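K.L.:
Here it is, the structure in full.
The values are calculated or read from the model by the stated rules, or taken from the named source; none is laboratory data. Keep in mind that what you see is a predicted model, and the values were worked out from it rather than measured. Note that we place each Cβ from the backbone using ideal geometry, even for glycine, and neighbour counts take in every protein chain shown. Side chains are part of the model used for accessible areas, which takes the heavy atoms of the whole protein and leaves out ligands, DNA and RNA. Shrake-Rupley method; radii C 1.70, N 1.55, O 1.52, S 1.80 Å.
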Amino acid sequence: MNFYDLELRSQMVPILKDDKGISLMASDLKKLNDIIRGSLPKRSVVFFFGERERIPVGVYLGLLKNKVVPVFLPVDLDTELIKALFQIYQPDFIFIRESMLKASLNYPVIQRIEDYVILRTGFRYFHKLHDDLALLLPTLAHAGDTRLVRYSYRNLEACASAVADGLELSPADRPLMALPVHRACGLSLLNSYLHAGATVLLTEKSLAEKEFWDFLMETGASTLVGEAQIAFELEEVDFFSGEMPDLKGITIAGGQLSEQEQHELAQYAARTGRKFIRLYAQMEATAHMAYLPPQKALEKKGYIGIPIPEGKFELLDAEENVITQPNTAGELVYYGKNVSLGYAERAEDFNKGDERKGCLLTGNMALRDADGYYKLLGRKSEDEKR
């Protein structure tokens, strides 16, 4: 069973639970699947403005199951960029919270799901989608960037399975997601926990709000999952002196974490008997490529760790030869089934196949120590690029 095909999951174990005390069970997901099946044609394209909430996450799973392709977009995306994306990709439908509707999205509502709506855009573009295409995410690498990363069903499932295996996730986990699920890192961890059969806890509250910590305590969250900025936020709320008996670990899934921040989190974990796990990601790899095992968090501080199961790294020198000796700098190259298909720069690109063939040039310089652990040294310079 893949991570989004959960209708047969036990009715005793929630798939999701939100901060309003409402759970999404397998029967609820089946109802959402039925709504999607009746409202959206297979292989249509949906601009998806979803937040870290029960209904958007449930609809996302339903879209994958019903072979409808979502384009995940932040709810606070610049209006001009939204217009540009609409003109380039001409989606068939929009999914958005009704209260977030903008004047520029004046389209008929074809379905309501609690406080979310599905709109039909009326674009006449007939999308030709490659059979493998499952999901699209914007790179948003710079202002005005309208490229989308193309992901296959195999990419999503391979990454979910590998991360779940590497991090030893289980049905007993109750992760509290403190990072956006519309971005690659958040989506990767969400998929991985669902693959493992865990109950994912969802709230839009920030770490600075008391309600966030009340929710963590009330639900017995086992893992706090966030981005690198969480290290600063935890210091601000005096997290390290708090009592949280059910919390078993902290996972940092994206962003740049300094060696000092990594050291402080690893020390806290060692002192309290918890796990600290750092993941290394790029969205072109369906996010995660490497992790630092918790037992190595202090010894290998500053390292990104080892490849996820089924993944592989190589280091290349300036002549593109594979570097075999330890502690020698080279360009980091990743190989794995989770490497995305490529980019889309126009709607016609949705019909493209796998352009990367499982190989991603990360653009990072790195070294591998004698124990097989990798450390980033910075981005490859323009002079070094091929």
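K.L.:
Would you check if residue 94 is among the hydrophobic types (A, V, I, L, M, F, W, C), open to solvent by less than 30 Å² (accessible area, probe 1.4 Å) and within 23 Å of the chain's Cα centre (by Cα)?
P.N.:
So residue 94 fits the description; yes.
Residue-by-condition table, conditions (1) closer than 15 Å to residue 44 by Cα; (2) out of contact with any Cys (no Cβ under 6 Å at 6 or more places or on another chain); (3) in a helix (DSSP H, G or I); (4) open to solvent by 30 Å² or more (accessible area, probe 1.4 Å):
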| position | (1), (2), (3), (4) |
| --- | --- |
| 119 | yes, yes, no, no |
| 135 | yes, yes, no, no |
| 155 | no, yes, yes, no |
| 161 | no, yes, yes, yes |
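K.L.:
Further, regarding this structure: Condition check: at negative phi, open to solvent by less than 40 Å² (accessible area, probe 1.4 Å) and not β-branched (Val, Ile, Thr). Does residue 50 satisfy that?
P.N.:
yes
K.L.:
List the strands (runs of 3 or more DSSP E) that sit entirely inside region 214-326 and contain at least 1 residues that are within 19 Å of residue 338 (Cβ to Cβ), open to solvent by less than 10 Å² (accessible area, probe 1.4 Å) and not hydrophobic (A, V, I, L, M, F, W, C).
P.N.:
249-252, 287-292
K.L.:
Just to be sure I understand, how many residues within region 28-42 are open to solvent by 60 Å² or more (accessible area, probe 1.4 Å) and touching a residue at least 24 places away in the same chain (Cβ under 8 Å)?
P.N.:
Going through region 28-42 one residue at a time, the tally reaches 3.
K.L.:
Looking at region 97-117 only, could you name the residues that are within 27 Å of the chain's Cα centre (by Cα) and either among the hydroxyl-bearing types (Ser, Thr, Tyr) or assigned to a helix (DSSP H, G or I) (or both)?
P.N.:
Within region 97-117, 98, 99, 100, 105, 116 qualify.
K.L.:
When only residues in region 190-235 that are hydroxyl-bearing (Ser, Thr, Tyr) and touching a Gly at 6+ places or on another chain (Cβ under 8 Å) count, which is farthest from residue 160 (Cα to Cα)?
P.N.:
Among residues in region 190-235 that are hydroxyl-bearing (Ser, Thr, Tyr) and touching a Gly at 6+ places or on another chain (Cβ under 8 Å), the one farthest from residue 160 (Cα to Cα) is 222.
K.L.:
Here's a follow-up. Considering only region 15-27, state which residues are open to solvent by 10 Å² or more (accessible area, probe 1.4 Å) and of a type in the set (Gly, Ala, Ser).
P.N.:
Passing the criteria: 21, 23, 27.
K.L.:
Exactly one condition in (1) within 19 Å of the chain's Cα centre (by Cα); (2) among the β-branched types (Val, Ile, Thr); (3) not in a helix (DSSP H, G or I) is false for residue 57; which is it?
P.N.:
Exception for residue 57: condition (3).
K.L.:
How many residues, within region 255-288, are touching a Cys at 6+ places or on another chain (Cβ under 9 Å) and under 20 Å from residue 173 (Cα atoms)?
P.N.:
Summing the residues that are touching a Cys at 6+ places or on another chain (Cβ under 9 Å) and under 20 Å from residue 173 (Cα atoms) in region 255-288 gives 2.
K.L.:
Any residue in region 345-356 that is in contact with a strand residue (DSSP E or B) (Cβ under 8 Å, 6 or more places away or on another chain), in a strand (DSSP E or B) and in contact (Cβ under 8 Å) with a residue 40 or more places away in the chain?
P.N.:
So far as region 345-356 goes, no, none of its residues is in contact with a strand residue (DSSP E or B) (Cβ under 8 Å, 6 or more places away or on another chain), in a strand (DSSP E or B) and in contact (Cβ under 8 Å) with a residue 40 or more places away in the chain.
K.L.:
Scan region 84-125 for residues that are in contact with a Lys or Arg (Cβ under 6 Å, 6 or more places away or on another chain), farther than 15 Å from residue 49 by Cβ and of a type outside the set (A, V, I, L, M, F, W, C) and report the count.
P.N.:
1
K.L.:
Restricting to region 181-210, name every residue that is open to solvent by less than 30 Å² (accessible area, probe 1.4 Å) and either free of Cβ contacts under 8 Å to residues at least 12 places away in the same chain or part of a loop (DSSP other than H, G, I, E, B) (or both).
P.N.:
181, 196, 197, 198, 199, 203, 207 - these are the residues of region 181-210 that are open to solvent by less than 30 Å² (accessible area, probe 1.4 Å) and either free of Cβ contacts under 8 Å to residues at least 12 places away in the same chain or part of a loop (DSSP other than H, G, I, E, B) (or both).
K.L.:
Return the residues of region 60-83 that are assigned to a loop (DSSP other than H, G, I, E, B), at pLDDT below 90 and either open to solvent by 30 Å² or more (accessible area, probe 1.4 Å) or not aliphatic (A, V, I, L, M) (or both); say none if nothing qualifies.
P.N.:
Result: 75, 76, 78.
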